[in-house]
1. Of everything in the range 500-519, what is in a helix (DSSP H, G or I) and open to solvent by less than 30 Å² (accessible area, probe 1.4 Å)? Give them in sequence order.
2. Checking the structure you have, find out if any residue of the range 468-489 is surrounded by fewer than 19 Cβ atoms within 10 Å (Cβ to Cβ) and part of a strand (DSSP E or B).
3. If Gln163 satisfies all but one of (1) at pLDDT below 75; (2) not in a helix (DSSP H, G or I), what's the number of the condition it fails?
4. For the range 638-692, which positions are part of a loop (DSSP other than H, G, I, E, B), open to solvent by less than 20 Å² (accessible area, probe 1.4 Å) and among the polar types (S, T, N, Q)?
5. I'd like the full set of residues that are of a type in the set (Lys, Arg) and without any contact (Cβ under 8 Å) to a residue 40 or more places away in the chain, limited to the range 733-770.
6. Need a quick list: helices (runs of 4 or more DSSP H) entirely within the range 1-90 having at least 1 residues that are touching a helix residue (DSSP H, G or I) at 6+ places or on another chain (Cβ under 6 Å), at pLDDT below 90 and open to solvent by less than 30 Å² (accessible area, probe 1.4 Å).
7. Looking at the range 771-800, which of its residues are out of contact with any Lys or Arg (no Cβ under 9 Å at 6 or more places or on another chain), in contact (Cβ under 8 Å) with a residue 24 or more places away in the chain and β-branched (Val, Ile, Thr)?
Amino acid sequence: MAATTAKTKGAKPPPELGLKDVYRACDPSTLGFKSTAELAGLTKIIGQDRAVSSVRFGMDIQSDGYNVFAMGPMGTGKSSTVYEFLSRQAASLPAPDDWVYVHDFSTVHQPNAIRMPAGKGQEFRKDMEKLVEDLQAAITQAFDGEEYEKRKHEIAQQVGESQESKLSELSEKAAAQSFAMVRTPAGLAFAPKGADGETMSREAYDALSADEQKKIDDGLEALNEELQQIMRLVRLDERAGRESMRELDQQVTTFAAKHLVDEACEKWRKVAEVVEYLEALLADVVDNADDFKKSDEEQPMMFMGIPISQRQKNEGAFRKYRVNVLVDNAGLTGAPVVSESNPALQNLVGRVEHQAQFGALFTDFNMIKPGALHRANGGFLVLEAREVLLKPYSWDALKRTLKTNEIRIEDVAQQMGLATTATLDPEPIPFSAKIVLIGEPFIYYLLYGNDPDFQELFKVKADFDTVVDRTAENEQLYARFIGQAANKKGLNPFSPEGASRLIEHCSRLVEDQRKLSTRFTDLVDLISESAYWAAHSNGGRKTAIVKREHVQKAIDQRIYRSNRIAERLREMIVEATILVDTTGSVVGQVNGLSVSMIGDYMFGQPSRITATHRLGDGEVVDIEREVEMGGPIHTKGVLILAGYLGAKYAAEQPLSVNLRLVFEQNYSGVEGDSASSTELYALLSSLSGLPIQQRFAVTGSVNQRGQVQAIGGVNEKIEGYFDVCQALGLHGDEGVLIPKANVRHLMLNEKVRDAIGKGRFRIYPVSTIDEGISILTGVSAGRLGTKGTYPVGTVNALVMQRLALLTEKAREAIRKKPEA
């Protein structure tokens, strides 16, 4: 039992961490202000130089496909950063053109899209409204004039005279043959005359001889044939008259309308498409002159049994002369920056609305509505990637727009191939804008790996970092951000101490003394909560400034609102429902530290880990793995332990031992390797027979060379164990072993720091398993000598002795085993 006598001799403990090691404070005096109200607002984006550079590159390069995907975790300020940067960029660019839709007189169902200078769309719309009013007045006046009536009468007279002349000639010819031309309800006809010159009666005709009747019948037949020829010529005269009237109407309409349209063409001559449209409009007005004639008699029309006034009829007829201003950039001083929070297909590419009329759905080009792509055309469009992907057909429509460089308005039925009824097919509008998608990293990599189009259309990745270096300059910038955020929200300013505490908390959020969190959403929330507690401190009397204690109150209350389960677990430890020792020494038993995440709250807690061993074949059994409660990373950590033990203690001989590890009272599974060093300490204690002091708790992963590696959640683990020790009764000798690589990650709360400052709680940074086991057992681990042995009484020597003994027993058992 030499190990027992050497237990405390030669076991020099490593240095403990001091207060400066476990927390990096921000000196308020270095901030240089008495109140954040004195500070100027930010003019630069904090800590996102890489992302801003990427966005700038994406905005400046004009080649196809260089759209931007801004990726980063939620709350890093991606949207606000992108929008702020784009707003600055857009201010230096010209306002893009307006777009209007007008009626296509040749293809009714395909309205024409016309590009116009910025702000001219509404002017053109008003000009067209006035033009239609002027046309109606001018055309009505022209048709009401004496000259028109005179020419109309002349045409009618000419037609009448021509018809009368032809019929008179025929009548005279008939009279010469003793026939009279008479008018009947069925039209013109001929009848024979008697001797007295009057129309022959039926009785007189019947009294005639057969030869005389035949002569009359032959004469009537010849006259009727000639009458038919004459009536054909009369109808031709009527048609010629109508054509002359139509030509007259067109001449009058053209004379009344052309100078008005010419004036409009002259005004809009710089827009060629407008001139073409006005020329087509003039031709349509001439063809539909009747629609422009005002009538003093308001005779209602009937449509499907429903009376329609002349005014309603005219409004319907004149709809095709309206101008639908789709995009109006009159109020812009730069390029547009559009953000669409609901990128459904219709909100993205626009839509064609319908209106119910007389039980049917009606639509025309006036009911075409713009989408976000139209509004952003010539500027920038910002979209949430997740929202675009969740909306049916939106992602496909966005890609199609970028590939074809045109915006085509389609509804969902068309996308699904279900549209069978005739509808509008608006002319696509050329598209030229930069798209910025904002999303989390997993969305970017998901699209990059599964959608080939994505790689071609979004070639610029703006990677938003979650941390920034904690330099004096950045602390100043954070202080300005705090003042700016408080000012925007109408909150009281912060004192230097209050701002310092917020900056310190930003380091705690990323668990790094040398970094600050760029999740500004969390910081803004804490600013608001701190101001709330400042306003409700001192009996509800509002204070003029937010101090450090108010920020600390906000942090404490956040924890209090979320730590109910953590408190219940501590109660179960105090009640010994969950077994955790913080006093005494036990062989093969150690306190491991783990973290649990419940929503947005993470807390640490100790767990009892035990190890046993027996004669065997070198297997390390992880009970969690055997019952499928251990995750793959945890299993990997256990297998590393087997590699470490075999390489260090049995490199040239069999490892004749079976080892078992378990997290006691664990019913929910284990994942991660942060307890692998803890498990190894329990195994070494079991093999060496040296008890581990239960006042310690341990965290850290280990590799096969015995190096202790960094882990996550180090602050929560330490604070969780401290809370348990405090609940059980703090004796003043408790402590935690952490990886030395985690020292920079320490930002411990005030309770733990106070205990460390008073010497009542300790933190030991360890780099190797040998350092850790020396602290836990109080016995030196021992270094391997030149002869390949460890000093007598050290931990490693005792482990080697035990393994050698087990190996000898295994050989002896084999020798005693009878041969088959």
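The values are calculated or read from the model by the stated rules, or taken from the named source; none is laboratory data. Bear in mind the structure is a predicted one, so any value in this text is a computation, not a measurement. Using ideal geometry, Cβ is built from the backbone for each residue, glycine included, and neighbour counts are taken over all protein chains shown. SASA here: full protein model, heavy atoms, side chains in, ligands and nucleic acids out. Shrake-Rupley method; radii C 1.70, N 1.55, O 1.52, S 1.80 Å.
1. Once the filter is applied, which keeps residues that are in a helix (DSSP H, G or I) and open to solvent by less than 30 Å² (accessible area, probe 1.4 Å), the range 500-519 yields Ser500, Arg501, Leu502, Ile503, Glu504, His505, Cys506, Ser507.
2. yes
3. (2)
4. Answer for the range 638-692, where residues must be part of a loop (DSSP other than H, G, I, E, B), open to solvent by less than 20 Å² (accessible area, probe 1.4 Å) and among the polar types (S, T, N, Q): just Ser656.
5. Passing the criteria: Lys740, Lys751, Lys758, Arg760.
6. Numbers: elements: 2-5, 19-22, 49-60.
By residue number, 2-5, 49-60.
7. Result: Ile773, Ile775, Val792, Val795.
Rundown of residues vs (1) open to solvent by 10 Å² or more (accessible area, probe 1.4 Å); (2) under 59 Å from the mean Cα position of the chain (by Cα); (3) of a type in the set (Lys, Arg), yes/no style:
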residue	(1), (2), (3)
Gly759	yes, yes, no
Tyr764	yes, yes, no
Thr768	yes, yes, no
Ile773	no, yes, no
Val779	no, no, no
Gly788	yes, no, no
Lys817	yes, no, yes
